[in-house]
Amino acid sequence: MATGRLGVGETLGALNTALGPGDPVWFKETRARHLRARDFLAPRPALQARFGDGQVPERVVRAVAGLQGPGVAPVLRCAPTPAGLALQLQRPAVFERVLGAVAAYVAPATPAAPGPRVLLHCPALRSAPGALRLSQLRAVLVADHLARTLRAHGESVRLVPAVRDPHMPTFLQQLRVDWPAASERAATEALRNRALAELSPAQERGALPRGVLGTVCLKELVQERGRAAGYDPNLDKCLVTEDLLSVLAELQEAARCWPGDSPPSLAAAPDANADRCMVVHVVSCEEEFQQQKVDLLWRKLDDQAPLTQKHLVCGPVKVAGAPGTLTAPEYYELRYAQVCKASAVKHGRDLAQDPAWTEVFSVLSVATVKFEMLSTAPHGQLLLALADSSISTKGTKSGTFVMYNCARLATLFEGYRHSMEQGLYPTFPPVSSLDFSLLQDEGEWLLLFNGILPFPDLLSQTAALACTAPGLHTTARTETMCKFLVQLSMDFSSYYNRIHILGAPRPHLFGQMFARLQLLRAVREVLHTGLATLGLPPLDHI
């Protein structure tokens, strides 16, 4: 069996190189009706722009048809069609390569070079749960998902702030958000001395309330960094308080004292630590203005403040048919009650007090919340519908639907194990002995080509931060995983509803059954890995 992970990116790169110099032309097909005839397409308009009359030279077609290389999927045929240059892969060979090395496809693609250390700062976590607005909850979930995907990609990540409110750790545990708890407060003396030196003249300060040191002018720093940087032009003065200095001190310590590093030298150059990490402030749109003040004040008071500070601003959360005062705990409790109600309808009895179901209801509630909050790009406005239909297993867009199909897979493999123990089926043969040419249903290719093969690239995309682009703001594709898992669940559900996997125990059918089980093993691994980036455990019943 050939070795080495096949990659969509590697295949597309080789295809575009085979066409000669120019912009990328090829794209991967995803729709079932197109995949019946082709796997990749170079559209006719793009070929006309490249070759003038649109006629691809025969030598180029031959080069594409004979394409080989590391990570490049084996080609069956390449031929001109009315839509453009169509390419189909050797599907049995691709099935064999992918399903013979499933573990390689549930890990992110190896980065060309290690990325910067990332300090994720989510200021919403300085409040109590009862004060957490839905837009702030969204920022918390985005930060948690981003931390998990970055770590899965091998990046070094620190999370700030350490949670201090006594009730917040319990709420975060409910949401399956992994965040550090309170530690000792960082010393603020050096920052206070620098702030006092920067304060506005005493006559401008007047009588100040307790805990307020005065104001610092930020206008000059905003102008120095330029309008293109993206700071609000209305930023002028910042009221410096003891609490604000504590925030800066915690950020400063987290950026300077990275786990595993030797203690920083007192004689270090002022900018020695400035480029050691990237800070990403994950904030709600309501917190953006204040966080820009924190960013600038840190730069003004600390010569070793990180050079790269990016702001990932989450858009507003609107609730259809409900007051805008719904808090994060109230939202979670509403979803939990709806999950329990839906289960009672499905099973004909109330299971809310049954210890065997408590964990299931908790996971389903969190899945509902996270898929609602994360399925839209972070910067966009999010509209929540609070109706019970949001938690139905029959709706194909919800976290409940994904968890339902995860449980269906668990039931399938438990059914095989039980039948094997009864002697109805033989033990699972070595994967190398399976005949994957028996996988001929279009739903099987859809699961592999759209679900398993591109998954490593998708893991890398979810961990990608636009850290090198100019300007204050950054984006993250935290919606990608939720959308992918929903689509994979839809494809699996459609296939599972049509195909009877565990058929009659007839030896001449075992070959196809085991090939299908190996395919669904891979689907299960992809689902579990994707759910882990959301902090969600798999369920075996629902």
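The values are calculated or read from the model by the stated rules, or taken from the named source; none is laboratory data. Everything numeric here is computed off the predicted structure, so don't read it as measured data. Don't worry about glycine lacking a Cβ; one is built from the backbone with ideal geometry, like all the others, and counts go over all protein chains shown. Protein only, heavy atoms only, side chains kept; ligands, DNA and RNA dropped before computing areas. Shrake-Rupley method; radii C 1.70, N 1.55, O 1.52, S 1.80 Å.
Here is how the numbers come out for the structure above:
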{"item": "Förster radius 22 Å - calculated FRET efficiency between ALA79 and ASN16, Cβ distance, rounded to 0.05", "result": "0.75"}
{"item": "Distance from the stretch 488-534 to the stretch 15-74 (C-alpha centre basis), Å", "result": "31"}
{"item": "Cβ-placed point charges (K, R +1; D, E -1), dipole of the chain about Cα centre in debye, nearest 20", "result": "1200"}
{"item": "LYS237/ARG210 FRET efficiency (R0 25 Å; Cβ-Cβ; nearest 0.05)", "result": "0.80"}
{"item": "Under 5 Å, built H, 5+ apart or other chain: amide partners of LEU85", "result": "ALA42, ARG44"}
{"item": "Candidate aspartates and glutamates - alpha carbon under 19 Å from LYS237, same-chain residues fewer than 8 apart omitted", "result": "GLU198, GLU204, GLU220, GLU224, GLU286, GLU287, GLU288, ASP295, ASP302"}
{"item": "Computed FRET value (nearest 0.05) for ILE499 with ASP178, which takes r as the C-beta separation and R₀ as 35 Å", "result": "0.40"}
{"item": "Neighbourhood charge, 9 Å Cβ-Cβ cut-off, centred on ALA83 and excluding it, Lys, Arg +1 and Asp, Glu -1", "result": "+2"}
{"item": "Peptides ranked, highest mean first, by Cβ atoms within 10 Å: ranges 141-149, 159-167, 217-225", "result": "141-149, 159-167, 217-225"}
{"item": "The chain - share of DSSP beta bridges that are antiparallel (%, nearest 5)", "result": "50"}
{"item": "Under 5 Å, built H, 5+ apart or other chain: amide partners of GLY214", "result": "VAL240"}
{"item": "Among the listed pairs LYS219/LYS483; LYS28/LYS346; LYS346/LYS483; LYS318/LYS346, those beyond 32 Å (Cα-Cα)", "result": "LYS219/LYS483; LYS28/LYS346"}
{"item": "Karplus-derived HN-Hα couplings along the stretch 18-33 (A = 6.51, B = -1.76, C = 1.60, θ = phi - 60°), whole Hz, x at Gly and Pro", "result": "5, 7, x, x, x, 5, x, 10, 6, 9, 7, 6, 10, 7, 4, 5"}
{"item": "Residue-span extension gain [ALA466 to ALA377] - 0.36 nm each, minus C-alpha spacing", "result": "30.6 nm"}
{"item": "Sum of side-chain charges, ASP178 neighbourhood, beta-carbon under 14 Å (Lys, Arg +1; Asp, Glu -1)", "result": "+4"}
{"item": "Residues with amide H under 5 Å from that of LEU312, placed H, sequence gap 5 or more", "result": "HIS281, VAL282, VAL283, THR474"}
{"item": "Whole-number accessible area per residue in Å² for the chain, which is evaluated in the context of all protein chains at 1.4 Å", "result": "45"}
{"item": "Residue-count net charge about ARG126 - beta-carbon cut-off 11 Å; Lys, Arg +1, Asp, Glu -1", "result": "-3"}
{"item": "Two-site label geometry, LYS346 and ALA187: point separation in nm, points 7 Å out along Cα→Cβ", "result": "5.6"}
{"item": "J(HN,Hα) series, the stretch 366-383, from Karplus relation 6.51 cos²θ - 1.76 cosθ + 1.60, nearest Hz, glycine and proline x", "result": "5, 4, 4, 4, 5, 5, 5, 7, 10, 7, 10, 3, x, 6, x, 5, 10, 10"}
{"item": "Charge dipole (debye, nearest 20) of the stretch 8-89; +1 at Cβ of Lys and Arg, -1 at Cβ of Asp and Glu", "result": "280"}
{"item": "Potential extension, ARG36-ARG506 segment - 0.36 nm per residue separation minus Cα distance", "result": "166.2 nm"}
